[in-house]
Structures are given as structure tokens and as C-alpha cells.
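For reference, the structure discussed in these notes is given below.
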Amino acid sequence: NKYSNDESSAILFELFDLAADLDYSTLVHLMNFLPEFPHPEGYQVPHDLATYLGFASDAESAKLDKMVARVNDYYIASNFEQIWNDLEPYRTETNSFLAENKPEEAVFTNMERFYDDSYQKYSIQPILTLWSAGFGIKDSAEDKAIFVLGPTAKNYDFSDREAYINLAIHEFGHSFVN
């Protein structure tokens, strides 16, 4: 509600139109593998990332590039750096909770044994722009399993420890098998 001018943003409406037929998981994967914003003028999504996300044809890749360009435009138009700074207290609180309540090492040991596979790194990435859910991502290039965590309760609350641990086990599992 703090950024009410965004309610009528033409860029957002165009983004919603461009992404209307995309699976939310695809968007989460895309945003995870993109470089930090802002992107340079004319940035194009690498071909291997577009293909990995299911954008095989030239027309699909062009649509993906247009969508990412609009995200970049929105990043700039919304003055996202200020929004990011405004969210600092929430990030600090969330990161403290996640660090204090992270899954025990046995969780990862048992998953690796069960799936007969392993990762060098495990990463939990909280995100405010997701509903109470999560996504598991496999980053082969960095040999890393990623758990993208949305709030565990209403009002951007991440403090439900039981939901957090249950989602961590489930979503890290998706890094092993989809």
C-alpha cells in the first residue's frame, strides 16, 4: 500500500499480459538465474537459460527478452533501490529467524542418502513477492540446491517454524527430483 502509484503502472499491466500464460515456477526460476538488476540496454536472456525454462523457439525467446526488459524498466521506474532499503527491517528480522531455525544437518544428510545425490551448497532464499509456499531449484553450475521461501503466514510473516521446516524438506527435495 505504500507504493500506491504502482497500482496503475502501465509497465506492470504489460508485464502481467506478457507473463499471463507462464507457470509461476518458471518465473521464480527465471528471476533466480538472471543477473542483478538493472540490466544494460539490450540485455538478452542467455540461450541456454531460455531453453532450460522451455522457451525453445525464436518467438518465445523474443517474448522472454521483452518480458525481462519490462521487469528492468519497472525496476528503474519503481525506484526499487528505495523499496529495497525500506524493506531492510523486514529482511533483518526474517534472516535472523531463518538462521536461528535452519534445518539441522541431519535433514540434508538424510535427503542425500535417500536420493543418492548431494550438493556442495544449500541456500534458503526468502522472498516477499510469493504467497505461503516455496520452490526448489537445482543450480547445476554452482552445485547448489536452492529453497525459495515465501512467507509462512499472512502479512509477510516468516515466523512459523513448523511450516518453514516442512517446506524446506519438501522444496529441497525438488532440487533432487522434480
Quickly run through segment 135-155 and pick out the residues that are assigned to a loop (DSSP other than H, G, I, E, B) and surrounded by 14 or more Cβ atoms within 10 Å (Cβ to Cβ).
150, 151, 152
Suppose the filter is touching a His at 6+ places or on another chain (Cβ under 9 Å), of a type in the set (S, T, N, Q) and surrounded by 11 or more Cβ atoms within 10 Å (Cβ to Cβ); does residue 9 pass it?
no
Would you confirm whether any residue within segment 112-125 is part of a loop (DSSP other than H, G, I, E, B), surrounded by 13 or more Cβ atoms within 10 Å (Cβ to Cβ), of a type outside the set (Ser, Thr, Tyr) and without any contact (Cβ under 8 Å) to a residue 60 or more places away in the chain?
yes
Residue check for residue 86: acidic (Asp, Glu) and surrounded by 13 or more Cβ atoms within 10 Å (Cβ to Cβ):
no
Number of positions in segment 41-56 that are over 24 Å from residue 76 (Cβ atoms) and either modelled with pLDDT of 95 or more or of a type outside the set (A, V, I, L, M, F, W, C) (or both):
5
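When segment 74-122 is examined, which residues are found to be small (Gly, Ala, Ser), farther than 30 Å from residue 13 by Cβ and either under 20 Å from the mean Cα position of the chain (by Cα) or at pLDDT below 90 (or both)?
From segment 74-122, those small (Gly, Ala, Ser) are 77-78, 96, 99, 106, 118; that's our starting set.
If we keep only those that are farther than 30 Å from residue 13 by Cβ too, we end up with 96, 99, 106, 118.
Within segment 74-122, 96, 99 qualify.
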Looking at 132, 159, which one is under 23 Å from residue 27 (Cα atoms), in a loop (DSSP other than H, G, I, E, B) and touching a Ser or Thr at 6+ places or on another chain (Cβ under 9 Å)?
132
Selection from segment 81-137 of residues that are under 15 Å from residue 159 (Cα atoms) and hydroxyl-bearing (Ser, Thr, Tyr)
90, 92, 94, 96, 132
For segment 16-25: of the residues being modelled with pLDDT under 90 and assigned to a helix (DSSP H, G or I), which is farthest from residue 133 (Cα to Cα)?
16
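The values are calculated or read from the model by the stated rules, or taken from the named source; none is laboratory data. Keep in mind that this is a model prediction, so the values were computed, not measured. So basically every Cβ, Gly included, is an ideal-geometry build from the backbone, and we count neighbours across all protein chains shown.
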